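The values are calculated or read from the model by the stated rules, or taken from the named source; none is laboratory data. Remember, it's a predicted structure, so these values are computed and weren't measured experimentally. Note that each Cβ is placed from the backbone with ideal geometry, even for glycine, and that neighbours are counted across all protein chains shown.
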Amino acid sequence: MSRFLVIILVLAALLFPLTAAAGTVPSAADRIARQLDEQLMMRYASDDSDMSKKQRQALARSQIMIMGTTPANINNLQAASPLARQMTEEISRWLVNAGYRYQELRKGSYIRFDRGTGELILTREVRKLTSTRGTGQAILAGTYVVSGEQVRFSMSLIHTTSNEVLAKGTATVPITDDLLPLLEDQPLGSGKVPTVYTRLQ
């Protein structure tokens with residue numbers, strides 16, 4: 001019986017780093033989204049009505065349309081990584097779950113069927129977009145910086161007409177082996193992920 005218990009403990013110790021690493025991006029996104037939400041609620045869910053706080057916040061969230069963009073590398077604002085795109089996806093998940101309206105800017109004008117990859121509606125090709133105009137009140141934008149051990153994200157919700165920053169949130173994602181492939185784009189169609197990495201410190 002004690003041998004079985006030892007095996008269970010060893011397996012748990014080996015699997016813990018994997019599960020912890022897998023949750024770092026979603027948990028960092030949740031922290032950013034909660035910061036953004038708290039600041040927006042201070043602005044738009046005022047307590048001068050007969051509604052409860054929960055009702056006021058639900059109403060305020062339902063009236064805010066957010067457009068999401070990809071965080072840019074702070075050292076090169078023309079560059080982004082798969083990790084940055086994933087961060088936007090995770091933050092938008094939290095915002096939609098909280099009741100905000102969210103506009104997907106990458107929606108294509110038609111569904112593309114590809115034998116190898118399946119049915120696709122999202123695109124990064126401007127000429128294939130269903131619309132080149134956004135209608136949101138706020139734009140989710142931000143930057144990230146990569147250091148030897150972590151990636152620091154700084155996200156803002158910017159008012160679309162006045163450029164006023166409505167809310168800001170930050171979080172850090174530790175660089176783990178499973179995140180290394182997400183730090184740089186691989187060539188299109190390569191399907192290859194490097195097996196050896198060099199990290200400059």
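Looking only at residues that are more than 22 Å from A141 (Cα to Cα), more than 18 Å from the chain's Cα centre (by Cα) and at pLDDT 55 or above in region 13-47, which one is surrounded by the fewest Cβ atoms within 10 Å (Cβ to Cβ)?
Once the filter is applied, the top-ranked residue is D47.
Restricting to region 81-104, and then to whatever is touching a residue at least 24 places away in the same chain (Cβ under 8 Å) and among the aliphatic types (A, V, I, L, M), can you tell me which residue is farthest from Q55 (Cα to Cα)?
L83
Do you know which residues across region 59-73 are farther than 17 Å from L157 by Cα, surrounded by 15 or more Cβ atoms within 10 Å (Cβ to Cβ) and hydrophobic (A, V, I, L, M, F, W, C)? Explain how you work it out, then say what you get.
Residues of region 59-73 that are farther than 17 Å from L157 by Cα, as a first pass: 59, 73.
Checking the rest, the ones that are also surrounded by 15 or more Cβ atoms within 10 Å (Cβ to Cβ) come to 73.
Within region 59-73, none qualify.
Here's the yes/no breakdown for (1) modelled with pLDDT under 90; (2) part of a strand (DSSP E or B); (3) within 19 Å of the chain's Cα centre (by Cα); (4) surrounded by 15 or more Cβ atoms within 10 Å (Cβ to Cβ):
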position	(1), (2), (3), (4)
S109	yes, yes, no, no
S131	yes, no, no, no
G136	yes, no, yes, yes
T143	no, yes, yes, yes
L157	no, yes, yes, yes
P187	yes, no, no, no
P194	yes, no, no, no
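Output yes when any residue across region 161-172 is farther than 16 Å from M41 by Cα, among the aliphatic types (A, V, I, L, M) and surrounded by fewer than 19 Cβ atoms within 10 Å (Cβ to Cβ), and no when none is.
no
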